[in-house]
Amino acid sequence: LGNAIKVHQKQFPEMFEIFKDYARRLGISRASLYINQDPTLQAFTLGLNSCTLVLTSGLVEQLSEKELQFVIGHELGHYAAGHTRVSTIISPAGSDNVISNLLFGFWNRKCEYTSDRCGLVLTKDVDSGVSALIKLAIGKKLYEELDIKGYVEQIKATERFSVRLSEILGSHPLITNRIKYLLVFWKESFELK
């Protein structure tokens, strides 16, 4: 965190207000937000007794304000649900190796779905949640050229056994699955009411 910039009332105040509002709504009393210079689109949350959320500069620069709000809600969801406490214990095994993914991958993937739902509950904006997830896969520039109908076909193709099997070896669900489950949650929780 020594190489990152802390977000506060005078440093990126609009982002800070959203962050503090979401933390308050989730009952997180001790939370801090940082931006780290890194061109990749990533975010992560750390913490046992206090929450530290780190966004990469690439993520902040390429996502819209609404998409960024979804990601902030998602990351705070990890802390609120207790994921960071458990992941701190299992992190010495690492998250980018086959053994760790076979042992803890199912739990990690369920954590991602839960946190996606948290981001959606906080923002109540399914379109921004979906576009944020797609941008995580391909970035802002290519997103602007994306053929949505072709991407929907790709989502349908992920039903194949070989594609589902490949997910087992990863720590995160496939983006296509995250979108699919986010849309189902949206319909069940918001559209049907």
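The values are calculated or read from the model by the stated rules, or taken from the named source; none is laboratory data. This one's a predicted model, so the numbers in the text were calculated from it and none came from an experiment. Methodologically, a virtual Cβ is constructed for each residue, glycine included, from the backbone with ideal geometry; neighbour enumeration extends over all protein chains shown. To get the accessible areas, we keep the full protein, side chains included, count just its heavy atoms, and leave off ligands, DNA and RNA. Shrake-Rupley method; radii C 1.70, N 1.55, O 1.52, S 1.80 Å.
General observations
- Where helices (runs of 4 or more DSSP H) fall wholly inside the range 42-159, the ranges with 2 or more residues that are aliphatic (A, V, I, L, M) and either exposed (fewer than 14 other Cβ atoms within 10 Å of the Cβ) or at pLDDT 95 or above (or both) are 57-62, 65-80, 98-123, 126-143, 148-157.
- The single condition among (1) of a type in the set (Ser, Thr, Tyr); (2) within 24 Å of residue 110 (Cβ to Cβ); (3) touching a Pro at 6+ places or on another chain (Cβ under 8 Å) that residue 52 does not satisfy is (3).
- For the criterion of being modelled with pLDDT of 95 or more and either basic (Lys, Arg) or open to solvent by 60 Å² or more (accessible area, probe 1.4 Å) (or both), residue 30 passes.
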